[in-house]
Amino acid sequence: MPAVTVENISKRYHTIDGEIPALDNISFEVSEGEFIGIVGPSGCGKSTLLSIIAGLLKPSSGQVSIFGEKLTGVNPRIGYMLQRDSLFEWRTIYKNVILGLEIQNQVTPDRLEHVEHLLEKYGLINFRNHHPSQLSGGMRQRAALIRTLAVNPDILLLDEAFSALDYQTRLAVNDDIYKIIKKEGKTAIMVTHDISEAICMSERLYVMSKRPGTIKMSVEIKFNQENRTPLSSREAPEFRQYFNKVWKELDVHV
Amino acid sequence: MYKQESEEQKKYLQKLKARKRLITALRILLLIFIFVFWEAVTRFNWLDPFIFSSPGRMLNTFIRLYNEGSLMTHIFTTLWETVVGFLLGTIFGILIAIILWLSETCSRVLEPYLVVANALPKIALGPVFIVWMGAGPVAIITVAVTVSLIVTVLEVYTGFLETDSEKIRLVQSFGANRKQVLTKVVLPSSFPVMMNALKVNVGMSWVGVIVGEFLVSKAGLGYLIVYGGQVFQLDLVMTSVLILSVLAALMYFGVQLLGKWISEKY
Ligand SMILES: Nc1ncnc2c1ncn2[C@@H]1O[C@H](COP(=O)(O)OP(=O)(O)O)[C@@H](O)[C@H]1O
Ligand SMILES: [Mg+2]
């Protein structure tokens, strides 16, 4: 059974000035443990699509299923990571990380032990009493990921999760977050407008058209190497070919 | 950071400290100068001490009032009214702001009323309150509350609306309901705005109470000021104003300390 099934999703926004078609008949499936990339130009409806899968937004038509069950609202099996880390500066790292547990009334000893374990494993245990401003951009992103993992979702949605970082940090964070997601065995859907990032992280890549967003192309990304990581993928000879293929399809004009 | 401070860093810190001391010294000197100057010009009769009073005469008045035993009563009357007015104005202001945030319909309907109420000089309602509630502390506190309430509502509500929408989406993605969005995100992120409203309200409630006492004229520092003016005892007026400014400053610092304490604790 696929982890996520998206069937004929369309979305129109209604405003005083008229109707804005944002998504048009989008369908795809994501199997368990897969890392999916979605790349498309700004404003093509990527965030809209993820909001719908996250259950935060109702589609105009079509439906989303999570492990075969029809999605009706926010679902605890789905974790959502946004563009900025959105750590709360008035909370310590530890308090930030258990935010989701607090909201879901899940602050139980074994959940807290899980959090403790994650902080330990991913090198944030010594920063638990620090405030977000005392951490580097990369560590903040890691804390944000642990906050998402703390509620133990099966599926992660990443909406341009790295675009607020500078280029070097971003390469390192891509690698870091990718390894953590793989180690924790999560299914992931990542949305980005950055072609390189999309290619180096995903196993399958969907290219979206301009608004109203449709899926123009689906590419299987395979590198001839074992234990690929985003950094090693960037080095691979196939990388360039995939890049050109996606670039052509994206049809970027200045 | 280096464990071993370099000579340059030490010098820099010393310079910073010296400058801070200089500023404090100058502030105190300025205060002393004002009082000495005031005393001198009235002592030499360049200015009429009967109209301008003087630090010496104010001190005498203060001691006389204190010995008569009425001073503390007046101070406490005013202080009590101000603190109650301040607390009510702030608490109700924040509560109303929360209600407006919870119901968009409510805030849209009330918007023009709030704008008009904000523009209205609330003092104008003083006589109305006296007629309704009698010439006593209740009317005075009501004036103080009206003066601070509307500003608090508008300022805090605007602060609520400026909450980072991405943070709200984040907690919603964890399944937060409206109440949780309020308590987990909106209230804590608006803490600086609320502290600011509190500080503004200190001044507002003093204005409200003093004006209320002007109108009611039974007891309190506001009453002393009006009475002193009417019987041409400028010593009494000036002494009361001075006490008033010390009290207002103390209350302001109190609120500031409270804010620091809360933000360190949470
Ligand atoms: N709440 C909204 N109301 C009206 N239009 C919206 C709203 N949210 C997004 N849009 C429009 O829908 C389109 C897709 O937006 P979005 O999903 O944010 O794109 P992306 O994430 O790919 O940049 C954009 O053109 C945007 O202007
Ligand atoms: Mg977007």
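For the range A:213-227, the set of residues classified as modelled with pLDDT of 90 or more and either within 15 Å of ligand 2 (Cβ to nearest atom) or among the polar types (S, T, N, Q) (or both) consists of A:213, A:214, A:218, listed by residue number. Looking at A:97, A:115, A:107, just one residue is among the aliphatic types (A, V, I, L, M), surrounded by fewer than 16 Cβ atoms within 10 Å (Cβ to Cβ) and either within 14 Å of chain B (Cβ to nearest Cβ) or more than 16 Å from ligand 1 (Cβ to nearest atom) (or both), and that residue is A:107. Scan the range B:209-240 for residues that are within 15 Å of the chain's Cα centre (by Cα) and either farther than 30 Å from residue B:187 by Cα or open to solvent by 70 Å² or more (accessible area, probe 1.4 Å) (or both) and the total you get is 2.
Find the residue count for the range A:183-199, including only residues that are open to solvent by 30 Å² or more (accessible area, probe 1.4 Å) and touching a Ser or Thr at 6+ places or on another chain (Cβ under 9 Å). Final tally of qualifying residues: 2. Residue A:126 meets the conditions (1) away from chain B (no Cβ under 14 Å); (2) away from ligand 2 (no atom under 16 Å from the Cβ); (3) within 15 Å of the chain's Cα centre (by Cα) in every case but one. The failed one is (3). Being away from ligand 2 (no atom under 16 Å from the Cβ) and more than 21 Å from residue A:43 (Cβ to Cβ) is true of residue A:179. If I go through the range A:29-44 residue by residue, how many of them are touching a residue at least 40 places away in the same chain (Cβ under 8 Å) and open to solvent by 10 Å² or more (accessible area, probe 1.4 Å)? Final tally of qualifying residues: 7. In this structure, residue A:55 qualifies as within 14 Å of chain B (Cβ to nearest Cβ), under 15 Å from the mean Cα position of the chain (by Cα) and either at positive phi or open to solvent by 40 Å² or more (accessible area, probe 1.4 Å) (or both). So for the range A:80-92 (the condition being away from ligand 2 (no atom under 14 Å from the Cβ), touching a Lys or Arg at 6+ places or on another chain (Cβ under 6 Å), closer than 18 Å to residue A:190 by Cα and modelled with pLDDT under 95), does at least one residue qualify? Yes, because at least one residue in the range A:80-92 is away from ligand 2 (no atom under 14 Å from the Cβ), touching a Lys or Arg at 6+ places or on another chain (Cβ under 6 Å), closer than 18 Å to residue A:190 by Cα and modelled with pLDDT under 95. Output the residues belonging to the range A:152-176 that are away from ligand 2 (no atom under 16 Å from the Cβ), within 14 Å of chain B (Cβ to nearest Cβ) and either in a helix (DSSP H, G or I) or open to solvent by less than 10 Å² (accessible area, probe 1.4 Å) (or both). Result: A:153, A:155, A:156. Residues in the range A:19-49 that are of a type outside the set (A, V, I, L, M, F, W, C) and within 10 Å of ligand 1 (Cβ to nearest atom): A:19, A:21, A:40, A:41, A:42, A:43, A:45, A:46, A:47, A:48. One residue stands out among those in the range B:185-206 that are open to solvent by 10 Å² or more (accessible area, probe 1.4 Å) and farther than 17 Å from residue B:263 by Cβ: the one that is nearest to the other protein chains (Cβ to nearest Cβ), which is B:200. Out of the range B:167-184, which residues are free of Cβ contacts under 8 Å to residues at least 60 places away in the same chain, more than 7 Å from chain A (Cβ to nearest Cβ) and open to solvent by 20 Å² or more (accessible area, probe 1.4 Å)? Residues satisfying the conditions are B:168, B:177, B:179, B:183.
Would the range B:145-161 turn up any residue that is aliphatic (A, V, I, L, M), open to solvent by less than 30 Å² (accessible area, probe 1.4 Å) and under 30 Å from residue A:74 (Cβ atoms)? Yes: the range B:145-161 contains one or more residues that are aliphatic (A, V, I, L, M), open to solvent by less than 30 Å² (accessible area, probe 1.4 Å) and under 30 Å from residue A:74 (Cβ atoms). Among residues of the range B:92-132 being within 16 Å of residue B:152 (Cα to Cα) and charged (D, E, K, R), the one that is surrounded by the fewest Cβ atoms within 10 Å (Cβ to Cβ) is B:111. Scanning the range A:129-140 for residues that are surrounded by 15 or more Cβ atoms within 10 Å (Cβ to Cβ) and within 14 Å of chain B (Cβ to nearest Cβ) yields a count of 3. Restricting attention to the range A:67-93, the residues being open to solvent by 40 Å² or more (accessible area, probe 1.4 Å), more than 10 Å from chain B (Cβ to nearest Cβ) and not polar (S, T, N, Q) number 4. State yes or no: is residue B:108 charged (D, E, K, R) and within 14 Å of chain A (Cβ to nearest Cβ)? No, not satisfied. Residue B:164 fulfils the conditions (1) among the acidic types (Asp, Glu); (2) more than 14 Å from chain A (Cβ to nearest Cβ); (3) under 30 Å from residue A:161 (Cβ atoms) except for a single criterion, (2). When the range B:37-48 is filtered for residues that are part of a helix (DSSP H, G or I) and open to solvent by less than 90 Å² (accessible area, probe 1.4 Å), the ones remaining, listed by number, are B:38, B:39, B:40, B:41, B:42.
The values are calculated or read from the model by the stated rules, or taken from the named source; none is laboratory data. All figures in this text were calculated on a predicted structure; none of them were measured in a lab. As a convention, Cβ positions derive from the backbone with ideal geometry for all residues, glycine included, and neighbour counts pool all protein chains shown. In case anyone asks, the SASA skips ligands and DNA or RNA and just uses the protein heavy atoms, side chains included. Shrake-Rupley method; radii C 1.70, N 1.55, O 1.52, S 1.80 Å.
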